[in-house]
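Everything below concerns the one structure shown next.
What follows is calculated from the coordinates using simple rules that are stated; it is not laboratory data. As the structure is a prediction and not an experimental result, all values here were calculated from the model. Cβ coordinates were reconstructed from backbone atoms using ideal geometry, including for glycine residues, and neighbour counts include every protein chain displayed.
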């Protein structure tokens, strides 16, 4: 009887595990790239990636931290991640869109963007940078937001200037 109870417990754990595990390669528009969430304390990123990014710079009133090996950029204001940019093909949207997806596939999966150009910008909190007709970078931008976050709200369209600032830089 002990053996059957052990097997039963293992079966329950195996079935429940997916419910507890967060997909760390999933991009959720307006929220996160894997475990890296918009709005999170940048110190958590530094602990995971290291205190010394490959490059740092300024964009508008934010500090930009680039980690080239991991293919990430973090735009940080008041030590909070304002938006996350990745060129890492390990990460994908639930629709399957990822680095290398062609523009037609993106439109089929996500619909017509709110703004189309070098970046395809969606009101859901995602912007996809195109290079040679394919996605080369994905930016996750917080949607909505309170008073402090209103400067990067997709719904308020103020975020579009941040995306354009990046392309101009």
Seminar exercise, completed: Protection proxy (average C-beta count within 10 Å per residue), highest first, orders 40-49, 62-71 as 62-71, 40-49
Exercise. Per Stokes-Einstein, at 10 °C and 1.306 mPa s, what whole-number D in µm² s⁻¹ belongs to segment 88-142, with the Kirkwood radius over Cα pairs as the hydrodynamic radius?
Worked result: 146 µm²/s
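Please sort 26-34, 106-114 by packing, taking for each peptide the average over its residues of neighbouring beta carbons within 10 angstrom, highest first.
26-34, 106-114
Any idea what the relative contact order of segment 84-132 is, in percent, if you count C-alpha pairs under 8 Å spaced at least 6 apart? Display every interim value, and only then the final one.
On the way: 41 pairs, mean separation 9.5, N = 49.
After rounding, I find 19 percent.
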